[in-house]
1. Ranked from highest to lowest mean number of other Cβ atoms within 10 Å per residue, what is the order of the peptides 1-13, 63-75?
2. Considering only C-alpha atoms, what is the centroid distance from region 1-37 to region 59-79, in Å?
3. Angle, helix 26-39 long axis vs. longest principal axis of the chain, Cα atoms, 0 to 90°, nearest 10?
4. Would you calculate a helix-derived [θ] at 222 nm for the chain, using -39,500 (n - 2.57) for each DSSP H run of n ≥ 4 and dividing by the full residue count, to the nearest 500?
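Throughout, read-outs are computed from the coordinates displayed, never taken from laboratory work. Treat the numbers as computed from the prediction; the structure is a model and nothing was measured. Glycine also receives a Cβ, built like all others from the backbone with ideal geometry; neighbour counts cover every protein chain displayed.
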Amino acid sequence: MASKNIGIKEDVYERLKAHKRGDESFSETLDRLLHELDSDWRTNAGFLSRQAAADLEAEVERGFEDLDDAFDERSDGIDEQLSGES
């Protein structure tokens, strides 16, 4: 496998070294840490533009309004059935 050399500050090296497990190589440590970071949903939080976030929020709100309307209609129908009206 090909490899690359990188330069890092000594304090960063010490932090990375502190994350190593057993006989894990630095490459394996970095791979593990990056995988953990990539799989954390919070990593991608904030990836929407303000406009896209506003559009999404508006769509979710419309969905809640539609759901509320559906529940209201359903409960009205149930009320009518229970009261004997049809």
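1. By packing density, highest mean first, the sequence is 63-75, 1-13.
2. The distance from the Cα centre of region 1-37 to that of region 59-79 comes to 53 Å.
3. 10
4. About -23000 deg cm²/dmol.
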